[in-house]
Ligand code: PEP
Ligand code: MN
């Protein structure tokens, strides 16, 4: 049976050696793909009949990993170590819980400054805020565009927090990457394959939200697109899926946290705000996500939620966010204790 094979090649290998490995690992119907990460070269053969030992013997080959997974680079078979994404002074996936918080949309300099100060004071590790907003209605506020990115960068300079913001179009990736520490791909874009390829080449970490109707496998294949395009720094974000239930905006699939952490080495963040749609649901779901082992939580915060130009119903006030942050600390301390049941 043919299996996927990842062949890691020495960073000092000559291009000829890389090409020889790719030629040997590929078949006429299924060519091998050369993946270049900073300081690392990998050849991915999604289905190869060539034995691993034959590939391992080729010049320049450091190691060969075999896996049955359709997303070989994202799968844990590839590496026992968990991927840790570092931005500014914040680490995501290092075993702690990173809190990402900020307004759904950047609306003005003052609106952002109030929220940024509050979330920094409460211990957030990353500031969020959308400048390019994917809106269901064409008549809704679409975001401030580059002016919003500039405000986010000003708040990074003022608070010291790294920033995450969404990119909607492949053509805007370079622009957004000039400002952002992490590029967000939203639920509505999870299968925008040209966008995934472009953020794969952007040189910045990517927060990849789960498509609202995507299976875990489709989500991890979307991550694989980014990894295969040359970007090893992908953060997965569960944000709720469509089900028959109508009392919440989406159904937060917390099952995905342990499932995805078993399947991949990538960090997993949970966004209860966009799943809930209602502020009172956010804190309990955030605490549950922390207890479930999420590497991070992403929370919408607004200085005056009732006036928010986007997703007003789900935003926490700075005070509510501060209380949640304190509760999260206690849950993290408790949930990461080893439970011994007699
Ligand atoms: C957001 O985080 O601002 C957002 C639009 O989220 P989602 O893509 O999950 O709806
Ligand atoms: Mn939103």
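Residues 136, 187: which one is within 16 Å of ligand 2 (Cβ to nearest atom) and either touching a residue at least 60 places away in the same chain (Cβ under 8 Å) or farther than 27 Å from residue 116 by Cα (or both)?
From the options 136, 187, the qualifying one is 187.
Quick one: would you say residue 145 is at positive phi, within 16 Å of ligand 1 (Cβ to nearest atom) and either more than 17 Å from the chain's Cα centre (by Cα) or crowded, with 16+ Cβ neighbours inside 10 Å (or both)?
yes
Identify, from the list 130, 88, 123, the residue that is at pLDDT 95 or above, closer than 26 Å to residue 257 by Cβ and within 16 Å of ligand 2 (Cβ to nearest atom).
130
Taking residue 197 as the residue in question, decide whether it is surrounded by fewer than 19 Cβ atoms within 10 Å (Cβ to Cβ), in contact (Cβ under 8 Å) with a residue 24 or more places away in the chain and in contact with a helix residue (DSSP H, G or I) (Cβ under 7 Å, 6 or more places away or on another chain).
Yes.
If only one of 316, 287, 263 is away from ligand 2 (no atom under 11 Å from the Cβ), in contact with a helix residue (DSSP H, G or I) (Cβ under 7 Å, 6 or more places away or on another chain), over 23 Å from residue 90 (Cα atoms) and modelled with pLDDT of 95 or more, which one is it?
Going through 316, 287, 263 in turn, just one is away from ligand 2 (no atom under 11 Å from the Cβ), in contact with a helix residue (DSSP H, G or I) (Cβ under 7 Å, 6 or more places away or on another chain), over 23 Å from residue 90 (Cα atoms) and modelled with pLDDT of 95 or more: 263.
Please specify each residue of the range 167-194 satisfying the condition of being within 24 Å of residue 40 (Cβ to Cβ) and touching a helix residue (DSSP H, G or I) at 6+ places or on another chain (Cβ under 9 Å). Before you say what the answer is, go through the steps one by one.
Initial filter on the range 167-194 (within 24 Å of residue 40 (Cβ to Cβ)): 173-174, 177, 180-183, 185, 193.
Scanning the range 167-194 gives 173, 174, 177, 180, 181, 183, 185, 193.
Of the conditions (1) surrounded by fewer than 24 Cβ atoms within 10 Å (Cβ to Cβ); (2) under 16 Å from the mean Cα position of the chain (by Cα), residue 278 satisfies every one except a single condition; which number is it?
(2)
Look through the range 299-310, keep the residues that are within 13 Å of residue 103 (Cβ to Cβ) and touching a helix residue (DSSP H, G or I) at 6+ places or on another chain (Cβ under 7 Å), and return whichever of them is nearest to ligand 1 (Cβ to nearest atom). Step through it out loud before you land on a result.
At the first step, the residues of the range 299-310 found to be within 13 Å of residue 103 (Cβ to Cβ) are 299-305, 307-310.
Still in the list and also touching a helix residue (DSSP H, G or I) at 6+ places or on another chain (Cβ under 7 Å): 299-303, 305.
Numbers: 299: 10, 300: 8, 301: 12, 302: 12, 303: 17, 305: 15 Å.
Out of the qualifying residues, it is 300.
Residues to consider are 20, 32, 74; find the one that is surrounded by 14 or more Cβ atoms within 10 Å (Cβ to Cβ), more than 28 Å from residue 235 (Cβ to Cβ) and at pLDDT 95 or above.
So the residue among 20, 32, 74 that is surrounded by 14 or more Cβ atoms within 10 Å (Cβ to Cβ), more than 28 Å from residue 235 (Cβ to Cβ) and at pLDDT 95 or above is 20.
Filtering the range 151-176 down to residues that are outside any helix (DSSP H, G or I) and more than 18 Å from residue 100 (Cα to Cα), which residue is farthest from ligand 1 (Cβ to nearest atom)?
Going through the qualifying residues, I end up with 169.
Tell me which of these residue 184 doesn't satisfy, since it passes every other one: (1) outside any helix (DSSP H, G or I); (2) closer than 17 Å to residue 302 by Cβ.
Every listed condition holds for residue 184 apart from (2).
Residues of the range 23-47 being under 13 Å from residue 64 (Cβ atoms) and free of Cβ contacts under 8 Å to residues at least 60 places away in the same chain, which ones?
24, 25, 32, 42, 43, 45
So which residues in the range 112-141 are more than 11 Å from ligand 1 (Cβ to nearest atom) and out of contact with any strand residue (DSSP E or B) (no Cβ under 9 Å at 6 or more places or on another chain)?
Hits for the range 112-141 are 113, 114, 117, 121, 137, 138, 139, 140.
Kindly indicate whether residue 217 is surrounded by fewer than 24 Cβ atoms within 10 Å (Cβ to Cβ) and either within 16 Å of ligand 2 (Cβ to nearest atom) or closer than 25 Å to residue 310 by Cα (or both).
no
Looking at 143, 148, which one is at pLDDT 95 or above and not in a helix (DSSP H, G or I)? Outline the logic, then answer.
Working: 148 fails: not in a helix (DSSP H, G or I).
That would be 143, the only listed residue that is at pLDDT 95 or above and not in a helix (DSSP H, G or I).
Given (1) in contact (Cβ under 8 Å) with a residue 60 or more places away in the chain; (2) crowded, with 23+ Cβ neighbours inside 10 Å, identify the lone condition not met by residue 238.
(1)
The values are calculated or read from the model by the stated rules, or taken from the named source; none is laboratory data. The model shown is predicted, which means the values in this text are computed figures rather than measured ones. For neighbour counting, all protein chains shown are included, and Cβ atoms are generated from backbone atoms with ideal geometry for every residue, glycine included.
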